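Taken together, the values in this text are just the output of simple stated rules run on the coordinates, not laboratory data. Everything quoted here is computed from the prediction, not taken from an experiment. Glycine gets a Cβ as well: all are built from the backbone with ideal geometry, and neighbour counts include every protein chain shown.
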Amino acid sequence: MAWANSNRRASLPRNWDATVRRIKRRDGYRCTTIFEVTGRCTQPGTDVDHVIPHHRGGSDADENLALLCTWCHRAKSAREGGTAAAQKRVKTKRPTTTHPALED
């Protein structure tokens, strides 16, 4: 389980289980991801996701929560993790070099 080695569950509100039930009911128990070509994902929704994550100022309000299938949730989390890692990376300015065969 994803929560096994995580301490994030402790940061969720006490009424999280009731919130999950409410969001599942609101979203029709179906993933809310919209694909460009095929439209809305047809898989059952299993994970309640923060549209704007806590670390970017998101809240636990219903307007910031969406129901996703496991696949879409993992893909979204991977994208967000990659973006966060790229922002933390130290950018170094390297001198431009030319190929030795092209030097005068």
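Might you report the magnitude of the Cβ-based charge dipole of the chain about its Cα centre, with Lys and Arg at +1 and Asp and Glu at -1, to the nearest 20 debye? If you can, show how the numbers build up before the last one.
Numbers: 19 positive and 11 negative charges, 70 e Å.
Once rounded to the nearest 20, the dipole reads 340 debye.
What is the packing order of peptides 61-73, 27-39, 5-17, 44-56, taking the mean over residues of other C-beta atoms within 10 Å and listing the highest first? The partial results should precede the final answer.
On the way: 61-73: 17.0, 27-39: 12.6, 5-17: 9.3, 44-56: 15.2.
With the highest mean Cβ count within 10 Å placed first, the list reads 61-73, 44-56, 27-39, 5-17.
Using θ = phi - 60° and the Karplus curve 6.51 cos²θ - 1.76 cosθ + 1.60, what whole-Hz ³J(HN,Hα) does each residue of the stretch 12-26 get, with Gly and Pro shown as x?
6, x, 4, 8, 4, 4, 5, 5, 4, 4, 5, 5, 4, 5, 4
Please compute the length gained on full extension between Trp71 and Thr46, using 0.36 nm multiplied by the number of residues separating them and subtracting their Cα-Cα distance. Before the final figure, lay out each step's value.
Details: separation 25, 0.36 × 25 = 9.00 nm, distance 0.97 nm.
In short, 8.0 nm is gained.
Which label marks the calculated value of log10 I(q)/I(0) by the Debye sum over Cα atoms at q = 0.14, 0.21 Å⁻¹, given the options [x] -0.65, -1.25; [y] -0.76, -1.09; [z] -0.59, -0.99?
Among [x] -0.65, -1.25; [y] -0.76, -1.09; [z] -0.59, -0.99, the one calculated here is [x].
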